[in-house]
Amino acid sequence: MAVTSAPIKVDVATDQLISHAAHFLGKAKKDLVEVAVREYIEAHRTEINDGIRAALSRLDGSSASAVSLLADVPVDQLDEYGGMPDAD
């Protein structure tokens, strides 16, 4: 299976840092970014897992809790934005 890639956007200053580091390390920019992101995620795995647990604790199986989590709007404020349709 062919490996596909997806573009990412960074500001000019960050792109320059990536370019310089890649050049002096003798790596392709994409390889440097891949390793850097994987190392960053591994270094912050506890924080990421804590965020996942906090998000899951807000879900109760209802559509309202899912919309609340995705929209970052408290469940009790959903009616102010049109509410949730009645279940059939």
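So is THR46 polar (S, T, N, Q) and in a helix (DSSP H, G or I) or not?
When the stated conditions are applied, THR46 passes them.
With ARG38, ARG53 as the choices, which residue is assigned to a helix (DSSP H, G or I), within 17 Å of the chain's Cα centre (by Cα), closer than 30 Å to ILE18 by Cα and of a type in the set (Lys, Arg)?
Residue meeting the stated conditions: ARG38.
Just to check your reading of the model, which residue among ASP11, ASP31 is within 19 Å of the chain's Cα centre (by Cα) and more than 30 Å from SER68 (Cβ to Cβ)?
From the options ASP11, ASP31, the qualifying one is ASP11.
Could you count how many residues in segment 24-35 are under 19 Å from THR4 (Cα atoms) and assigned to a helix (DSSP H, G or I)?
Within segment 24-35, residues that are under 19 Å from THR4 (Cα atoms) and assigned to a helix (DSSP H, G or I) number 7.
Taken together, the values in this text are just the output of simple stated rules run on the coordinates, not laboratory data. Note that this is a predicted model, so its numbers are computed, not measured. Glycine gets a Cβ as well: all are built from the backbone with ideal geometry, and neighbour counts include every protein chain shown.
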